[in-house]
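The values are calculated or read from the model by the stated rules, or taken from the named source; none is laboratory data. What you see is a predicted model, and the numbers here were worked out from it, not measured in a lab. Note: ideal-geometry Cβ built from the backbone for every residue, glycine included; neighbour counts use all protein chains shown.
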Amino acid sequence: MQETSELGPLDSVPRDIVSGQSLVALLALVGTKKMDVGALRAKTKLAPAAFGSLLGWLQREYLVDVVSTCAGRGIEEKVALTEKGEAVLLGLLERTCELPELR
C-alpha cells in the first residue's frame, strides 16, 4: 500500500520512526530548547545501550542534534529537536489524529 503525502520531510524518513521509543523521545523534546541526555534517557526508560542506539539513529536522520558544552570539570550534553525533527513529528501526529489548524 503506497501512501501519498504533501508533508515532504516525512516522506524521506524511514517508517521505523514510528517506533514507540523514537516517538517518546521526539515528544519529550517538544517545547524545550534543549534537554539533558540523561533526562531524555530517563523519559524513554531505555537501557543505556538501547538509548545510545536510538539517539544515534535520531542524529543520523537529522531529527535531533546533540550539543556538548564544557561545564566545570566535565562535558554537558544536551539534545535538541531539529526543524526536520519537528516537521516529522508534526506529520506523524497529523497522520495519527486530526489536529486543529494552527496557521
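Quick one: what pairs do we get from the range 18-42, first residue on the phi < 0 side of the Ramachandran plot, second among the small types (Gly, Ala, Ser) and not in a helix (DSSP H, G or I), C-beta under 8 Å, 6+ apart or different chains?
Leu29/Ala80; Lys33/Ala80; Lys34/Ala80; Met35/Ala80
Given (1) of a type in the set (Gly, Ala, Ser); (2) outside any loop (DSSP other than H, G, I, E, B); (3) at pLDDT below 90, identify the lone condition not met by Gly31.
The number of the failed condition is (2).
Look at Ala80 and say whether it is at pLDDT 85 or above and part of a strand (DSSP E or B). If you could, list the steps in order and put the result at the bottom.
On the way: at pLDDT 85 or above: yes; part of a strand (DSSP E or B): yes.
Yes: the conditions hold for Ala80.
Please go through the range 1-28 and give me each residue that is modelled with pLDDT of 90 or more and either surrounded by fewer than 16 Cβ atoms within 10 Å (Cβ to Cβ) or over 12 Å from the mean Cα position of the chain (by Cα) (or both), ordered by number. Steps first, please.
Of the range 1-28, the ones modelled with pLDDT of 90 or more are 25-28.
Matches in the range 1-28: Leu27 only.
Can you tell me which residue is modelled with the lowest pLDDT among those in the range 62-72 that are under 23 Å from Gly52 (Cβ atoms) and not polar (S, T, N, Q)? Break it down into steps so the answer makes sense when it comes.
Just the residues of the range 62-72 that are under 23 Å from Gly52 (Cβ atoms), to begin with: 62-71.
Next cut, not polar (S, T, N, Q) only: 62-67, 70-71.
Values: Tyr62: 94, Leu63: 94, Val64: 95, Asp65: 96, Val66: 95, Val67: 93, Cys70: 90, Ala71: 81.
Step by step, filter the range 62-72, then rank; the result is Ala71.
Quick one: Ser53 ticks every box in (1) assigned to a helix (DSSP H, G or I); (2) at pLDDT below 90; (3) among the polar types (S, T, N, Q) except a single one, so which number is it?
(2)
Please find, among Glu101, Glu94, the residue that is loosely packed, with under 10 Cβ neighbours inside 10 Å and either modelled with pLDDT under 85 or part of a helix (DSSP H, G or I) (or both).
Values: Glu94 fails: loosely packed, with under 10 Cβ neighbours inside 10 Å.
Every option except Glu101 fails the conditions.
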